[in-house]
Structure formats: C-alpha cells, structure tokens
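*Asks:* First the structure, which I've put down as structure tokens, then a few questions once you've had a look.
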Amino acid sequence: MGFNVSFSKKNTERFYLPGQEIKISRGVISQKLFTSDGNDVVLCRARTWVAMLVFAACYCILAARVTYVCLGKGINIDTAVTDELTDEEFLHLQEPVKRADIMDRNGEIIATSLPTVNLGARLKLIRHPKDVAEKLNLIFPDISYEHFVDLLSRKKSYVYLKRNLSPAQQSQVNALGIPGLEFEECEKRIYPHNNLFAHILGNTNIDNKGVSGLEKFMDERLVSSTKPIKLSVDLGIQDAIREELRVGVEHFKAEGAAAILMDVKNGQVLAMVSLPDFDPNKNLKVSDRAMFNFATKGVYEAGSVFKVFNTAMCLDSGKIDVTSRFDTSKPVYFGRARVTDPHGSHKMLTPEDILVESSNIGSTLEIMQVGRQYQREFFQKINMDKPLQDYEIVETAKPLFLSEKRWTDHTMATISYGYGISTTPLHIISAFAAMVNGGIYYQPTLLADNQKEGKRVISTATSEKMRTLLRAVVVRGTGRRANVDGYQVFGKTGTANKLVNGRYDSSKSISTFISGFPASDPKYALLVVFDSPKGLKETFNHTEAGWNAVPTANKIIMAVAPQLNVKADFDLERQKSIVDAAYMQKK
C-alpha cells in the first residue's frame, strides 16, 4: 500500500524536515557563525576574524590611554593626597630635579652632583642570606660579612645594603645574578677641592639633602633649579689664604685660626677659612672643633681691635679731633676698678698715638668725651648686637651684647679697648670695612650677584682720617710686620685673654689683626685670628698678635694682592733704591 504525500510550496517554507537546522534571523547575528551550512573551514575563519577584531579594539583603547598618560595630560593628582605631601615631596612627584652645581666667582665648580646607584635588597626574594652576604663581602670588603648577614636577615620588606656604588661595583653585583638585589638610581654630592671650602659649603647627607653650611641654607634653591649658584669666593685666593693660615697654625702651635678677605666696596667675601677643617667628601666622624666654623661662630672678645671703632666713633661725634691730646700718665678709676696701660706710655697722646701705642687709658679718655649712650647706639648701628642677616650659611652666631642696665661707665671703658662685647670675626671685618670704605656699612654676602644697598654709619671725612691713622699703626706701630712694600697696608692688632670657666686665663689668648689695602683707595679688608698661639723662641715667648697674626697677614697679602690685580705703588725713593741696588750689582 503506498502513500502519496504532497507538500505545497507554502508549507515547505514553514515546515522543516528532520535533521534540517533552524535558521536564525539575519537581524541578530550572521547565520554563518552558528550553522554548518556550507563549509566548516569558512565557519572557523569567520569566528577567528571576530576574535581578532575584538582584541584589536581592546589594544587600540589601551594604546590610546597609555599615550594620553605619557604625554602628561592624563595624570590627575587627588588634592586630598597632595595636601598631605610636603613641598619637597610634591616637587619630587612633579619633576625630580638634579641638585645644582656651586661655582666660585670665576666659574670654577666647587660642588657638583654625579650620578650613582644604591644597592638594596627585597628580603622576601633572598633565599640564602649567608651565601649572599659572603659574595657581597668580597665585592665590598669595607663592609663586614656579619653586617651583611644582619641586614639580609631582618624582618623587613626592603633594606639598603650599600650606597653610592662605583660602576665597577655595580657591574660585579649585577654579574652575581641574585634575585632580590636591586639598584636605585641616585646622585652623590662631590666637592672637588676637598677641605678647601668645607666651612663655606658644608655638606649633604646620604639622601643628598643639605645639612650644614651653604648647602643647608640654600637647599631649596639648589633642588628647585639646575642653574648653578655663583659665589663671591675665589678658588685661587681661598687656596692661598688657607695654605698660609695652615702654616701659621702649625708654626705657632695654635688651637685654631680663621681668616676672611672681604671686598670693602660691597661686602662680598672673597675667601673665608676656618682651621681645623674637614673633608665633606668623607663620611667620617671628625672632632667638634673641626666642624666648628670659627669665622662665623667664634664669639670672642677681640681686644684692641675695638680701638678702631672707638676712635672712629669719637671722631665722628665731633667731640674730639685728630689733634686732640690725652694725658695717659695715670690710670683712670671707676670705683675700685681702674684702667691701666700694659706698656705704660705715661705721656700725652693724640688719637693716632693711641692707636699706634694701643693705649687703654687713651681709648677710655676718648670715650669719656662721648658717653656710654652714644657708644651703645653706635655699636648697634654697626650690627654688633645681632646676628648678621641673610648671610648664606647657617652656622652664624649672635654677639654677646650687654643690656642697657649693665652698660655702666666701667663697661663703657672696657668696651672701648675690646672687652665687654664678644663677637665673631665676620662681624668685626664687616664693621671695619665701613670704617675705611667711606663710611658705608654693607651686609656681608657669599653670593657674586648679591648687590645690597649699604647704610652710612660714619662720615666720609671720618673714614678718610681713619685710613691715615691706621696706616701709621703699620708704619710705626704693632702692625709693622705687615708693612708690605707697595701695597700701603693699614690695620690694627688686638690680643685678649681667653675666658676659661668664667675667668680670664693669662696663659691663653686670642690674637687678631684686622687690616686693609691700599690705604689711598681701600679695596680689600683682611682679618687673621689665632686661637691660643704659643710663644716661641723667635717671638721671645710673646703671643701677642704682632708676633703671629701680623706676619701671617703679611704673607697672605703678598700672595693674594697680585691675584686681585692690585698694582704695587712704590714711591720714588723706593724705586731709586731698587735701581741703585741693581746698578751696583751689575758693577
């Protein structure tokens, strides 16, 4: 029996035979991706292309985002986070800046930073600390094996093993191939001239942050700009002064010394030396005295050097003149206290004679014409009552300045010849410059481009008189050993006993010579001070400044005057003697 089944065209479109797959609407997804109609290879290729397109789209999005961030326009720092950062941390986050170089006035680099690396360890990756310590000890013999073991065994995530590796050391560590040892790029501060500018520059710590001297005072400026800082100091002059001062310290067996050379026209410091000193390149523990900057922190009573200020003050007041005469034949009494002269001149002295013979009685008689209130105000005017403002190193001291209640008539007298006010060498030379440069006081500075306005403290006429009087001290007084031919040196000596446990010790003194040159047109002032020099056979066991500070100043002036382009000005008589001597030698 057979069946005859027939289907219309309309039914065949709506009805599917067994095994025939149902087709999915074209509006959703392409049918070829999910059916086996046609070829399996075509189906595989189609699916592969879809996967590739999806991955390509993801990579394009990622690449666009990376490009956007790397160009610096896509970094948004949450203000809540930045508010918690210090200024230094925020600056480093924005743009790490190399520490700027420091140069002398001629452009010679005296402090710079070199790239280097630190060696650290991620302790979780160090499997055998003792083996690693043994290998590192061979590369760094200056660090003990036990210390490396201790560092590598600590319960921390990260430790520093060695800072500032040399390229050879970095290469050796890298060759070990030990997982967990890492290098960190950094900088190391280098001082090419070792001790020469130690007390001016100071130094930095292991993180290259300034901790003393100018490095600390100008730390923010040094890390915020790579433009070098140019100082007023001169490399050659600094070296010449330090060498002569070092020889003087050794020869006179002094505990320490300081020297400052200043341009009297603007207050710029061309050289400043304090001995003993230290090498800022070496992270070694040095004595407290070596770290002590005597030039700016050495507060002491300067003795007869203060007679310069006393005479200038009295002349400027109009109460006395260069022709005034004072009877120094007998002591001056203030109650039980009395003022005497160590050398006992016992005669009538003019202001010039008082400076030449360094008369305490004469200085006292001068100031008695003026009065203690005028004296106190004058010393305040030349900044003897306060630290020097904005001087570019942090190690500066405030003078010991008496209160008005303690400023008695006897105090007035002792201050006139150098006791009663304790101050620093930098204060003294800054005030001295004003006494001889025409009467203008300039704040001292170490920066070559620092042009501060000065203030008038004495008249031009008084300043001219002071140069004449001080020249006489070098020609026929206690400063004779500094009378360098041709340079018209002028100045004043001072020797004061040291205070030890509240009492003056006659066996220890501080000797000072403050000077300038040339007298006809002063350009430079020089201060030399020795702390506790010893008496020698050649000095007849004397320790006064005329025997040590003065001859040292002589050698310094002879060494630096040609470098400063100060031309020697020999008088006609001196020139004639040189010609005659040369003529006789030829004969």
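*Asks:* Please compute the net charge surrounding I382, taking Lys and Arg as +1 and Asp and Glu as -1 over other residues with Cβ under 14 Å from its Cβ.
*Replies:* Numbers: positive: R376, K381, K386, K455, R456; negative: D316, E377, D385.
So the environment of I382 carries a net charge of +2.
*Asks:* Can you give me the Cα centroid spacing of the stretch 118-188 and the stretch 473-546 in angstrom?
*Replies:* If you average the Cα positions of each part, the centres end up 55 Å apart.
*Asks:* Within the stretch 495-524, which residues have the backbone N less than 19 Å from the label spot 7 Å out from R406 along Cα→beta-carbon, could you tell me?
*Replies:* From the stretch 495-524, the list is 497-505.
*Asks:* State, as an integer percentage, the relative contact order of the stretch 267-340 based on alpha-carbon contacts under 8 Å between residues 6 or more apart.
*Replies:* Working: 28 pairs, mean separation 12.6, N = 74.
For the stretch 267-340, the relative contact order is 17 percent.
*Asks:* For the stretch 491-545, which chymotrypsin sites (Phe, Trp or Tyr not before Pro) are in a loop by DSSP, counting at most 12 other Cβ atoms within 10 Å? Numbers along the way, then the final one.
*Replies:* Numbers: sites: Y504, F513, Y524, F530, F540; in loops: F540.
Sites meeting the loop and neighbour criteria: F540.
*Asks:* Give the calculated FRET efficiency between K567 and E464 to the nearest 0.05, with a Förster radius of 22 Å applied to their Cβ-Cβ distance. It would help to have the intermediate numbers written out before the result.
*Replies:* On the way: r = 21 Å, r/R0 = 0.97.
Taking R0 as 22 Å, the efficiency between K567 and E464 is 0.55.
*Asks:* For L284 and K209, calculate 0.36 nm times their separation in residues minus their Cα-Cα distance, and state this gained length in nm to one decimal.
*Replies:* Numbers: separation 75, 0.36 × 75 = 27.00 nm, distance 1.72 nm.
Length gained between L284 and K209: 25.3 nm.
*Asks:* Something else now. For the stretch 528-545, take each phi angle, set θ = phi - 60°, evaluate the Karplus expression 6.51 cos²θ - 1.76 cosθ + 1.60, and give the result in whole Hz per residue in order, putting x for glycine and proline.
*Replies:* With the stated coefficients, the stretch 528-545 comes to 10, 9, 10, 9, 6, x, 9, x, 10, 4, 5, 9, 6, 6, 7, 10, 5, 4 Hz.
*Asks:* Under 5 Å between amide hydrogens, which residues at least 5 positions from T204 or on another chain qualify, with H placed 1.01 Å from N in the peptide plane?
*Replies:* Distant-sequence amide H within range of T204: V211.
*Asks:* Here is a follow-up. Skipping prolines and chain starts, which residues have an amide H placed within reach, meaning under 5 Å, of the one on E187, given they are 5 or more residues away or on another chain?
*Replies:* T116
*Asks:* Enter the accessible area per residue of the stretch 265-324 (Å², integer; probe 1.4 Å; all protein chains in place). Kindly include the intermediate steps, with their values, before the conclusion.
*Replies:* Numbers: 2150 Å² over 60 residues.
On a per-residue basis, the stretch 265-324 sits at 36 Å².
*Asks:* Moving on to the next point. Taking the simple approach of a point 7 Å from Cα along Cα-to-Cβ for both V149 and K386, what is their distance in nm?
*Replies:* 6.1
*Asks:* Can you tell me the alpha carbon radius of gyration of the stretch 251-311 divided by the globular rule-of-thumb value 2.2 N^0.38 Å? Spell out each step's value before the answer.
*Replies:* Details: Rg = 14.7 Å, N = 61, 2.2 N^0.38 = 10.5 Å.
My calculation over the Cα atoms of the stretch 251-311 gives 1.40.
*Asks:* Grab the other residues whose beta carbon is less than 11 angstrom from that of K555, score K and R as +1, D and E as -1, and report the net.
*Replies:* Details: positive: R481; negative: E243, E244.
Once all neighbours under 11 Å are counted, the net charge is -1.
*Asks:* If we restrict to alpha carbons, what Rg and Dmax does the stretch 328-396 come to, in Å?
*Replies:* Radius of gyration, then largest Cα-Cα span, for the stretch 328-396: 16.3, 48 Å.
*Asks:* With Cβ to Cβ distances under 14 Å as the rule, what net charge do the other residues near P167 carry (K, R +1; D, E -1)? If you can, show how the numbers build up before the last one.
*Replies:* Working: positive: K162, K188; negative: E185.
Charge balance in the 14 Å sphere: +1.
*Asks:* If r is the Cβ-Cβ distance from S329 to R456 and R0 is 35 Å, what FRET efficiency results, to the nearest 0.05?
*Replies:* Numbers: r = 37 Å, r/R0 = 1.06.
About 0.40, to the nearest 0.05.
*Asks:* Shifting gears a bit: Heavy atoms only, probe 1.4 angstrom, no DNA, RNA or ligands counted: give me R221, R476, R338 ranked by accessible area, highest first. Walk me through the numbers on the way to the answer.
*Replies:* Numbers: R221 70, R476 115, R338 140 Å².
Per-residue accessible area, sorted high to low, gives R338, R476, R221.
*Asks:* Which ³J(HN,Hα) values, rounded to whole Hz and listed in residue order, are derived for the stretch 222-233 from phi using the Karplus coefficients 6.51, -1.76 and 1.60 in 6.51 cos²θ - 1.76 cosθ + 1.60 with θ = phi - 60°, glycine and proline given as x?
*Replies:* 5, 9, 9, 8, 8, 5, x, 9, 9, 8, 7, 6
*Asks:* Hey, can you grab everything whose amide H is under 5 Å from the amide H of R163? Only 5+ residues off in sequence or another chain; H modelled, so Pro and N-termini drop out.
*Replies:* Distant-sequence amide H within range of R163: L119.
*Asks:* If you don't mind, there's one more thing I want to ask. For S507 and E538, calculate 0.36 nm times their separation in residues minus their Cα-Cα distance, and state this gained length in nm to one decimal.
*Replies:* Details: separation 31, 0.36 × 31 = 11.16 nm, distance 1.81 nm.
Net length gain for the segment: 9.3 nm.
*Asks:* Tell me, what is the per residue accessible area of the stretch 332-461 in Å², probe radius 1.4 Å? Don't skip to the end; give the middle numbers.
*Replies:* Details: 5380 Å² over 130 residues.
Ligands and nucleic acids excluded, the result is 41 Å² per residue.
*Asks:* Could you report the stretch 112-174's accessible area per residue, 1.4 Å probe, as an integer in Å²? Working shown, then result.
*Replies:* Details: 3810 Å² over 63 residues.
With all protein chains present, the stretch 112-174 gives 61 Å² per residue.
*Asks:* Which shape class, rounded, prolate or oblate, goes with the stretch 422-531 when its Cα gyration tensor gives a ≥ b ≥ c as root eigenvalues, a/c under 1.5 marks rounded, and past that a/b bigger than b/c marks prolate? If you can, show how the numbers build up before the last one.
*Replies:* Details: a/c = 2.03, a/b = 1.29, b/c = 1.57.
Oblate, because a/c is 1.5 or more while a/b does not exceed b/c.
*Asks:* I would also like to ask the following. Which of the peptides 191-199, 59-67 is most tightly packed, and how do the rest follow, judged by the mean count of other Cβ atoms within 10 Å per residue? Please list the in-between numbers first.
*Replies:* Values: 191-199: 21.3, 59-67: 10.3.
Most protected by this proxy first, the peptides run 191-199, 59-67.
*Asks:* Moving to a separate point now. Can you give the FRET efficiency for M558 and E108, using 1/(1 + (r/R0)^6), R0 = 25 Å, r = Cβ-Cβ distance, to the nearest 0.05? Display every interim value, and only then the final one.
*Replies:* Details: r = 23 Å, r/R0 = 0.92.
E(calc), rounded to 0.05, equals 0.65.
*Asks:* Here is a further query. Using each residue's phi in the stretch 363-376, evaluate 6.51 cos²θ - 1.76 cosθ + 1.60 at θ = phi - 60° and report the 3J(HN,Hα) Karplus result to the nearest Hz, with x for Gly and Pro.
*Replies:* For the stretch 363-376, the Karplus curve yields 5, 5, 5, 5, 5, 5, 6, 9, x, 6, 5, 4, 4, 4 Hz.
*Asks:* For the cross-link pairs K98/K155; K307/K330; K347/K534, which exceed 30 Å when the distance is taken from alpha carbon to alpha carbon?
*Replies:* On the way: K98/K155 33 Å; K307/K330 19 Å; K347/K534 32 Å.
Violating the 30 Å Cα-Cα cut-off are K98/K155; K347/K534.
*Asks:* Just to make sure I understand: if all protein chains stay in place, what is the order of L402, L349, L176 by accessible area at 1.4 Å, largest first? Walk me through the numbers before you get to the answer.
*Replies:* Details: L402 30, L349 0, L176 55 Å².
Ranked from most to least accessible, the order is L176, L402, L349.
The values are calculated or read from the model by the stated rules, or taken from the named source; none is laboratory data. All values derive from a computational prediction rather than experimental measurement. Every residue, glycine as well, gets a Cβ built from its backbone with ideal geometry; the counts of neighbours run over all protein chains shown. Accessible surface is based on the protein model in full, side chains and every heavy atom, while ligands, DNA and RNA are left aside. Shrake-Rupley method; radii C 1.70, N 1.55, O 1.52, S 1.80 Å.
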